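The block underneath contains the structure these notes are about, expressed in structure tokens.
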Amino acid sequence: MKKIFIISLTILSFQFAYAGTCFDLPKNINRWENSPSVTSLQNFLVSKGLLKATPNGYFGNGTFLAVKAYQKSIGVQQTGTVGVSTRASIKKETCNSNSSIAPVVQNNIKTNIVIATSTIKTTANSTLIATSSINKATTTVVYKTPTVSRFSSVTFFVGGSRDWDVYLYGTNFSTSTTNSIYFKSKNSGRKYLIGEVKSLNGTDIILPRDFMTKLLPCGSDCSEAISIGGYDISVVSNGLESNTIYTIVNGFTATVVTGTENQALVSKVTNALFGRLTFAVGAPMQLISVTPAVTTEGFSGGTIKATRLKDDATGKVYAASTNTISDYQSQMMSLYGDLDGPSSGRIMTTFKIVIMDYISQKNTTFLSPVLLTTVTAY
């Protein structure tokens with residue numbers, strides 16, 4: 001009796017691994033980013049002879065062109081952005097293993113395992129030969145470039161926060177990984193990352209509610225708030241960047257002027273002027289509410305008996321307004337209160353201002369700077 005075991009392994013589309021350092025990039029890398037991941041990427045590009053500059057961790061134009069050259073060499077779409085397919089290729093080439101980061105775009109891997117077994121001589125005139133064959137092929141995964149088409153109806157105001165959602169509509173948004181949303185200024189050319197969000201259905205993304213109130217990353221050593229002006233909006237999904245659509249960010253400013261700061265004031269007085277609030281807008285809107293929040297230092301409980309706002313234009317105590325404030329117009333109000341009891345201290349007031357724009361019919365909320373009033377008893 002004789003047994004023969006033959007194992008044959010065939011792999012199609014196999015690439016030999018790079019013998020140098022293993023470059024396993026932990027996340028997608030976008031243009032203008034400044035991070036250790038960019039340094040690793042640049043070291044890899046230098047080792048390939050595609051980048052001549054010294055690695056510095058900043059994803060500038062030179063790195064962008066080098067990434068495109070590498071993407072051309074491996075046959076993927078030349079976006080210049082390091083997405084899942086490019087990361088997988090780099091890891092496979094340098095770490096001598098199949099990448100587990102993500103599927104490789106436009107890549108087929110087929111494994112054939114043929115096992116010839118059991119050559120058994122039963123008699124002088126009869127032979128039994130058993131052969132089994134197993135074929136396994138992976139699934140080809142192709143990521144499509146996302147597109148953006150429109151916003152849900154909205155007017156953006158600098159420094160404002162919302163309690164409702166803004167939707168960005170389009171196609172091919174990622175539902176398994178986050179989509180990076182960018183606002184690129186038409187004035188400065190800076191590109192602001194406003195958030196990274198998954199799509200629930202592939203056709204819309206919900207923008208972060210508070211991005212107008214935050215400092216946002218905008219390139220190497222750059223972090224600042226969105227300013228007034230026009231912006232091109234784009235989305236990066238799975239390393240592929242969409243087209244752009246245009247939007248305008250409108251202005252809103254709130255200032256406070258203290259009328260009695262560091263001045264002696266009779267501590268028991270009716271209708272004392274604490275200071276003034278002025279605000280202006282860059283688009284037509286309706287003033288919904290102005291709510292002062294008063295805190296004190298050095299006063300006993302109950303010293304401030306009442307506070308009220310008066311419209312400086314009419315002299316009337318402010319109530320919920322139904323008046324339209326035109327674009328590039330301002331509103332001024334004065335804050336009054338009653339002081340009771342001989343005491344000294346400070347009064348700190350902030351104003352919560354709620355407006356409604358006439359395009360989206362939605363409210364946006366702003367907080368004013370602190371109005372400081374110093375009271376000296378005599």
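The values are calculated or read from the model by the stated rules, or taken from the named source; none is laboratory data. Please read all numbers here as calculations on a predicted model, not as lab measurements. Glycine gets a Cβ as well: all are built from the backbone with ideal geometry, and neighbour counts include every protein chain shown.
For D232, the test of being outside the structural domain of P26 (by TED's automatic domain parsing) and part of a loop (DSSP other than H, G, I, E, B) is failed. G239 - would you say it is modelled with pLDDT under 90 and closer than 30 Å to S176 by Cβ? Yes; evaluated as a whole, the condition is true for this residue. Of all residues in the range 55-77, those being buried (at least 16 other Cβ atoms within 10 Å of the Cβ), at pLDDT 90 or above and of a type in the set (S, T, N, Q) number 2. For the range 257-273, filtering for residues that are surrounded by 19 or more Cβ atoms within 10 Å (Cβ to Cβ) and either modelled with pLDDT of 85 or more or of a type in the set (D, E, K, R) (or both) leaves 0. The lone criterion from (1) part of a loop (DSSP other than H, G, I, E, B); (2) farther than 22 Å from Q329 by Cα; (3) touching a residue at least 60 places away in the same chain (Cβ under 8 Å); (4) among the aliphatic types (A, V, I, L, M) left unmet by I226 is number (2). State all residues of the range 235-248 that are crowded, with 20+ Cβ neighbours inside 10 Å and at negative phi; if no residue qualifies, say none. The answer is V235, V236, S237, L240, S242. Within the range 167-181, no residue satisfies the criterion of being under 29 Å from F279 (Cα atoms) and surrounded by 19 or more Cβ atoms within 10 Å (Cβ to Cβ).
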